[in-house]
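The values are calculated or read from the model by the stated rules, or taken from the named source; none is laboratory data. On a predicted model such as this, the values are computed, not experimentally measured, just so you know. Every residue, glycine as well, gets a Cβ built from its backbone with ideal geometry; the counts of neighbours run over all protein chains shown. Just so you know, the surface numbers come from the protein's heavy atoms only, side chains and all, with ligands and any DNA or RNA stripped out. Shrake-Rupley method; radii C 1.70, N 1.55, O 1.52, S 1.80 Å.
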Amino acid sequence: MTAVSRARNLLHSRCSSHLTPLIHRNLSSFASNIADTSTALTIETSIPFAGHMIDTPSRSVSTTPSEILTFFRDMATMRRMELAADSLYKAKLIRGFCHLYDGQEAVSVGMEAAITKKDCIITAYRDHCIYLGRGGTMIKAFTELMGRSGGCSKGKGGSMHFYKKDSGFYGGHGIVGAQVPLGCGLAFAQKYNKEDTVTFAMYGDGAANQGQLFEALNMAALWELPAILVCENNHYGMGTAEWRAAKSPAYYKRGDYAPGLKVDGMDALAVKQACMFAKEYALKNGPIILEMDTYRYHGHSMSDPGSTYRTRDEVSGVRQERDPIERIRKLILTHDLATTAELKEVEKGIRKEVDEAIATAKESPMPEPSELFSHVYSKGYGVESFGADRKELKASLL
Ligand SMILES: Cc1ncc(C[n+]2csc(CCOP(=O)(O)OP(=O)(O)O)c2C)c(N)n1
Ligand SMILES: [Mg+2]
């Protein structure tokens, strides 16, 4: 059996009617299931990398049929999950903040293809798909989004605070930019403990203008920490276009002592190539900046329709020209790895998985009131909280 036909068979087995148990699967387990379809393929990225103080990696990316099919399936799963979250929010089943990642999926899947779960990732509040990429399940994601106790942060974090420490995912942060110094701290620990691993600290184009990024980069460079600063440039910070906020929107050139690479963040293979390159660089030399040129289809958050500061034509133009899923679909079809109908079947299966995950998530109970203060402060630090009269003890974490 050829690698391509094996890939096809596996694709078929994934879209059979045995999907019910698969809602518990995480994205990476799917990848390892089909990893035997390993015939090498080389694909050229359509846009060259741009380098700052560094020679760029090759545009020829080594891949396999199974990797490409997995990219398709994982990105389509992420997309569907985000669209379902939009509906759940509108139905008031998700409350509070909610920032969606549709459009940016190639950054997560490309990055995961280049690294291991021993490497760390930390990001901002647009974190649902990063969590899935780290091996989180859709059930735990939807459960968390709906604020229920079975969620990945026990229902107490919600959309902005997903975590999965056992596979190197350190959140999920709401304060713009603050995750970058934390990420450099993770890289410090990796170096101190002599691990051969790196940290990817992700932030947006808006966050890129913050002072704390430069302070963290300075220390990371000084101590040659294995930190990769990943700027997901989706070209807007809330309703502010990058050119209104940044004197220099060439975010990969922001370090005068740290190199940078500009990457087509809508091309999962280009992202993979850049992340492999950056990991190797950072382990030897210290920090490097990766600017991922990407786009968010939704508004900033659920309260932003996303249409007042950009035109509908701009959004539909990106969908038509650069969509990361459509790009992989085209690649699959040109290399005859699957047919249009087979890919449609996969998408149908994903829709079913998403629906089943939501139904399961709804069964999870709300957290107990006694859980309100747990996991907020560490125990053992003598923290006590008093009422306004400074006399009545309200809570104690002794
Ligand atoms: C310190 C701080 N300032 C302001 C905000 C409000 N705020 C939340 S998201 C955001 C825009 C950030 O944009 P960007 O970094 O480009 O990330 P994106 O939302 O595009 O992923 C702002 C100003 C905040 N959460 N924290
Ligand atoms: Mg942005």
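Sort out which residues of the range 269-321 are touching a residue at least 24 places away in the same chain (Cβ under 8 Å), among the aliphatic types (A, V, I, L, M) and closer than 28 Å to ARG95 by Cα, and write them in order of number.
Residue satisfying the conditions is MET302 alone.
May I ask you to say which residue of ARG322, ARG351 is out of contact with any Cys (no Cβ under 7 Å at 6 or more places or on another chain) and within 30 Å of ALA241 (Cβ to Cβ)?
Of the residues listed, the single one that is out of contact with any Cys (no Cβ under 7 Å at 6 or more places or on another chain) and within 30 Å of ALA241 (Cβ to Cβ) is ARG322.
So is HIS161 at pLDDT 95 or above and within 16 Å of ligand 2 (Cβ to nearest atom) or not?
Judged against the criteria, HIS161 is not a match.
Determine, yes or no, whether TYR281 is modelled with pLDDT of 95 or more and either of a type in the set (Val, Ile, Thr) or more than 16 Å from ligand 2 (Cβ to nearest atom) (or both).
yes
Just name the residue that is nearest to TYR252 (Cα to Cα) out of those in the range 301-342 that are assigned to a loop (DSSP other than H, G, I, E, B) and open to solvent by less than 20 Å² (accessible area, probe 1.4 Å).
ASP323
Return the residues of the range 256-268 that are away from ligand 2 (no atom under 15 Å from the Cβ), touching a residue at least 12 places away in the same chain (Cβ under 8 Å) and assigned to a loop (DSSP other than H, G, I, E, B); say none if nothing qualifies.
Once the filter is applied, which keeps residues that are away from ligand 2 (no atom under 15 Å from the Cβ), touching a residue at least 12 places away in the same chain (Cβ under 8 Å) and assigned to a loop (DSSP other than H, G, I, E, B), the range 256-268 yields TYR257, ALA258, PRO259, ASP267.
Applying the selection to the range 204-218, what residues are touching a helix residue (DSSP H, G or I) at 6+ places or on another chain (Cβ under 6 Å) and more than 14 Å from ligand 1 (Cβ to nearest atom)?
ALA216
Within the range 47-136, which helices (runs of 4 or more DSSP H) (wholly inside it) include 1 or more residues that are open to solvent by 30 Å² or more (accessible area, probe 1.4 Å)?
Qualifying helices (runs of 4 or more DSSP H): 65-90, 105-114.
Can you say whether ARG254 is of a type in the set (Lys, Arg), within 16 Å of ligand 1 (Cβ to nearest atom) and under 17 Å from GLY51 (Cα atoms), as far as the supplied structure shows?
Spelling it out, ARG254 is indeed of a type in the set (Lys, Arg), within 16 Å of ligand 1 (Cβ to nearest atom) and under 17 Å from GLY51 (Cα atoms).
List the number of the failed condition for ILE289; all other conditions in (1) farther than 28 Å from ASP119 by Cβ; (2) more than 10 Å from ligand 1 (Cβ to nearest atom); (3) β-branched (Val, Ile, Thr) hold.
(1)
Every residue, every condition in (1) without any contact (Cβ under 8 Å) to a residue 40 or more places away in the chain; (2) within 23 Å of ILE43 (Cα to Cα), yes or no:
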position: PRO324; (1), (2): no, yes
position: LYS330; (1), (2): yes, yes
position: LEU337; (1), (2): no, yes
position: GLU342; (1), (2): no, yes
position: LYS352; (1), (2): no, no
position: GLU363; (1), (2): yes, no
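Can you pull out every residue in the range 238-255 that is near ligand 2 (Cβ under 10 Å from one of its atoms), in contact with a His (Cβ under 8 Å, 6 or more places away or on another chain) and open to solvent by 20 Å² or more (accessible area, probe 1.4 Å)?
Across the range 238-255, the qualifying residues are MET238, GLU242.
Kindly indicate the residue of the range 184-227 that is among the small types (Gly, Ala, Ser) and in a strand (DSSP E or B) and also most open to solvent (accessible area, probe 1.4 Å) among those meeting that condition.
GLY204
At pLDDT below 95 and among the aliphatic types (A, V, I, L, M): is that true of ALA40 in this structure?
For ALA40, the condition - at pLDDT below 95 and among the aliphatic types (A, V, I, L, M) - is met.
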